[in-house]
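Working notes, structure below.
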Amino acid sequence: MSRSELEVNCQLKAILGDISVTHLNVLPQLINATGNCTYKFMDNKHFDKHKPGDLNCIYWLENLLRVHLASATSLRRHYRWLRACRSNSVIESNYLGFAASLRALLESAGDVYYSLKYIPEILATNKTKIEEALSRKLTHVFVVCKELEDALIHHSFATKQPHKSPPSPHKAEEIQSYLSVLHNSEKIKQFYKELCDLTHPGMSSLNWLVTVGSDEIDSCLRIVGDESDGKFIQALCKTNVEALSVVQQQSVNLCVFCLWMLNAFPLELLHTDLPLDELGITNHPFKSMLEELMAPPQSPN
């Protein structure tokens, strides 16, 4: 690694925390590892013709495919917004560009955590049933999981349409609802408001471009130079580095745990080599909880 890359990483750590550099190194591995899957979904008119054993197999296979798709696309979106934050902060300082990119990164993280937070637990809790379905052993009744369906639908298809009221879970929530599920949400929501003020046309998006001074009689205004962007970026994030680090971890770790749960099922197509050590989550409490949920019940002595 060249000196310039070291300097860039040190600067980025000061702005977005150590985890941002970890993610920039690890996410390309995950993106490459999740890029070879083709997602095929059966049309409803053909699906309804099958018997329960086949229905359960198709239903759960397609749900697991959707979990993989949601995780893979979320990681890619996170990576792109993180790269935009890096480019606008430590490569070519652009205060407004950085604010817009960071705002989008927070929105993305909130969306992921709001939509997918229960999916690993759902898969772990229903692991035996899902395995039976995949092996076509569930033949007496069609077994569905509405909670899983709704979460995946909301993540991929939630929208706001003017003059229309889409059915839940297709209805997108207000951004405050997505931010509320994040760690230290009140601080994050306040910080998000600052980013919105900067990116929307208005006083905050202009006033930073002007310095105010005075002489003995008059007030003096001067337009700041381009070299000031970096200072404003550092000042903007200075008191929020820890909160921003945790938000990034929440979003990426959740996607990784979704992929980790998919590794537990006999579907090599959906298996991913995961850098748990590099992400620091090999012994994460959430992973331990999932392992407990998947453990077979112990026979009474």
Here are 136, 83, 103: which of them is surrounded by fewer than 17 Cβ atoms within 10 Å (Cβ to Cβ), outside any loop (DSSP other than H, G, I, E, B) and touching a helix residue (DSSP H, G or I) at 6+ places or on another chain (Cβ under 9 Å)? 83
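Looking at region 106-129 only, could you name the residues that are under 24 Å from residue 180 (Cβ atoms) and not in a helix (DSSP H, G or I)? Walk me through how you get there before you give the answer.
First, the residues of region 106-129 that are under 24 Å from residue 180 (Cβ atoms): 106-122.
Those that are under 24 Å from residue 180 (Cβ atoms) and not in a helix (DSSP H, G or I): 117, 118.
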If residue 92 satisfies all but one of (1) out of contact with any Leu (no Cβ under 7 Å at 6 or more places or on another chain); (2) crowded, with 18+ Cβ neighbours inside 10 Å; (3) under 23 Å from residue 238 (Cβ atoms), what's the number of the condition it fails? (2)
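Test residue 35 against the stated conditions and say whether it is over 28 Å from residue 193 (Cβ atoms) and either over 17 Å from the mean Cα position of the chain (by Cα) or touching a residue at least 12 places away in the same chain (Cβ under 8 Å) (or both). Write out each step before concluding.
Values: over 28 Å from residue 193 (Cβ atoms): yes; either over 17 Å from the mean Cα position of the chain (by Cα) or touching a residue at least 12 places away in the same chain (Cβ under 8 Å) (or both): yes.
The answer is yes for residue 35.
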Considering region 4-24, residues that are more than 22 Å from the chain's Cα centre (by Cα) and among the aliphatic types (A, V, I, L, M), and then whichever is modelled with the lowest pLDDT, we arrive at 6
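Quick one: in region 175-228, which of the residues that are within 30 Å of residue 116 (Cβ to Cβ) and in a loop (DSSP other than H, G, I, E, B) is farthest from the chain's Cα centre (by Cα)? Break it down into steps so the answer makes sense when it comes.
Looking only at region 175-228, we keep the residues that are within 30 Å of residue 116 (Cβ to Cβ), and these are 175-200.
When the remaining residues are screened for being in a loop (DSSP other than H, G, I, E, B), the result is 180-184, 200.
On the way: 180: 14, 181: 12, 182: 11, 183: 13, 184: 16, 200: 24 Å.
Applying the filter and picking the extreme gives 200.
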Here is a check on your reading of the model: is residue 82 touching a Phe, Trp or Tyr at 6+ places or on another chain (Cβ under 8 Å) and within 21 Å of residue 33 (Cβ to Cβ)? no
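Among 228, 204, 219, 245, which is surrounded by 12 or more Cβ atoms within 10 Å (Cβ to Cβ) and either among the aromatic types (Phe, Trp, Tyr) or farther than 25 Å from residue 9 by Cβ (or both)? I'd like the intermediate steps shown before the answer.
Working: 228 fails: either among the aromatic types (Phe, Trp, Tyr) or farther than 25 Å from residue 9 by Cβ (or both); 219 fails: surrounded by 12 or more Cβ atoms within 10 Å (Cβ to Cβ); 245 fails: either among the aromatic types (Phe, Trp, Tyr) or farther than 25 Å from residue 9 by Cβ (or both).
When all the criteria are applied, what remains is 204.
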Can you tell me which of 282, 239 is surrounded by fewer than 19 Cβ atoms within 10 Å (Cβ to Cβ), without any contact (Cβ under 8 Å) to a residue 60 or more places away in the chain and in contact with a helix residue (DSSP H, G or I) (Cβ under 6 Å, 6 or more places away or on another chain)? 282
Take residue 188 and tell me if it is closer than 30 Å to residue 157 by Cβ and at pLDDT 90 or above. yes
State which residue pairs qualify: first residue surrounded by 21 or more Cβ atoms within 10 Å (Cβ to Cβ) and at pLDDT below 95 and inside region 61-74, second residue in a helix (DSSP H, G or I) and of a type outside the set (A, V, I, L, M, F, W, C) in any location, beta carbons under 8 Å apart, and separation of 6 or more residues or different chains. none
Any idea which of (1) surrounded by fewer than 16 Cβ atoms within 10 Å (Cβ to Cβ); (2) closer than 24 Å to residue 23 by Cα; (3) among the basic types (Lys, Arg) is the one residue 193 doesn't satisfy? (2)
State whether one or more residues within region 136-152 are over 18 Å from residue 105 (Cβ atoms), modelled with pLDDT of 90 or more and in contact with an Asp or Glu (Cβ under 7 Å, 6 or more places away or on another chain). yes
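The values are calculated or read from the model by the stated rules, or taken from the named source; none is laboratory data. Predicted, not measured: the structure shown is a model, and the values here were computed from it. Every residue, glycine among them, receives a Cβ derived from its backbone with ideal geometry; neighbour counts consider all protein chains shown.
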